Amino acid sequence: MHLDTITAADIAWQQQALCAQTGADFFFPEPGSSVREAKRICGMCEMRSACLEYALNNDERFGVWGGLSEKERLGLRRTEQN
Ligand code: SF4
């Protein structure tokens, strides 16, 4: 993503993101580590839809976004392409 293409709407949801209060550690775990805690927090986050949309639009490859792991987002992409 190019910095000059980031709009205010792109980042407005991040100001209300629940993960902003917990820190990024849960959301970018070491390979093979559990993402259960991140998903639990995402489940309580009102910005979940905006977060997932942002991740899909910006091809975020790593971490948990919008309650979905990397593999789950990849699966969603593949489903949408078919
Ligand atoms: S859905 Fe999860 S990753 Fe996205 S902003 Fe909310 S807490 Fe953070």
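Every number here is computed from the coordinates shown, using simple stated rules; none is lab data. Note that the structure is predicted; figures quoted are calculated from it, not measured. Every residue, glycine as well, gets a Cβ built from its backbone with ideal geometry; the counts of neighbours run over all protein chains shown.
Are there any pairs, at least 6 apart or on different chains, whose C-beta atoms fall under 9 Å, with the first in segment 32-56 and touching a residue at least 40 places away in the same chain (Cβ under 8 Å) and under 20 Å from residue 7 (Cβ atoms) and the second part of a helix (DSSP H, G or I) and more than 8 Å from the ligand (Cβ to nearest atom), and if so, which?
From segment 32-56, the pairs are 54/10; 54/11.
Which of the residues spanning segment 26-44 are more than 12 Å from the ligand (Cβ to nearest atom) and either of a type in the set (A, V, I, L, M, F, W, C) or under 18 Å from residue 61 (Cβ atoms) (or both)? Walk me through it before giving the result.
Residues of segment 26-44 more than 12 Å from the ligand (Cβ to nearest atom): 29-34, 36.
Residues satisfying the conditions are 29, 30, 31, 32, 33.
What is the residue count in segment 63-82 for residues that are surrounded by 11 or more Cβ atoms within 10 Å (Cβ to Cβ) and not aliphatic (A, V, I, L, M)? I'd like the intermediate steps shown before the answer.
From segment 63-82, those surrounded by 11 or more Cβ atoms within 10 Å (Cβ to Cβ) are 63-70, 72-77; that's our starting set.
With the extra rule that they be not aliphatic (A, V, I, L, M), the set shrinks to 63, 65-67, 69-70, 72-73, 75, 77.
Residues meeting the conditions: 10.
Filter segment 66-82 for residues that are of a type in the set (Gly, Ala, Ser) and without any contact (Cβ under 8 Å) to a residue 12 or more places away in the chain and give the result.
Step one: list which residues in segment 66-82 are of a type in the set (Gly, Ala, Ser), which gives 66-67, 69, 75.
The one that is of a type in the set (Gly, Ala, Ser) and without any contact (Cβ under 8 Å) to a residue 12 or more places away in the chain: 75.
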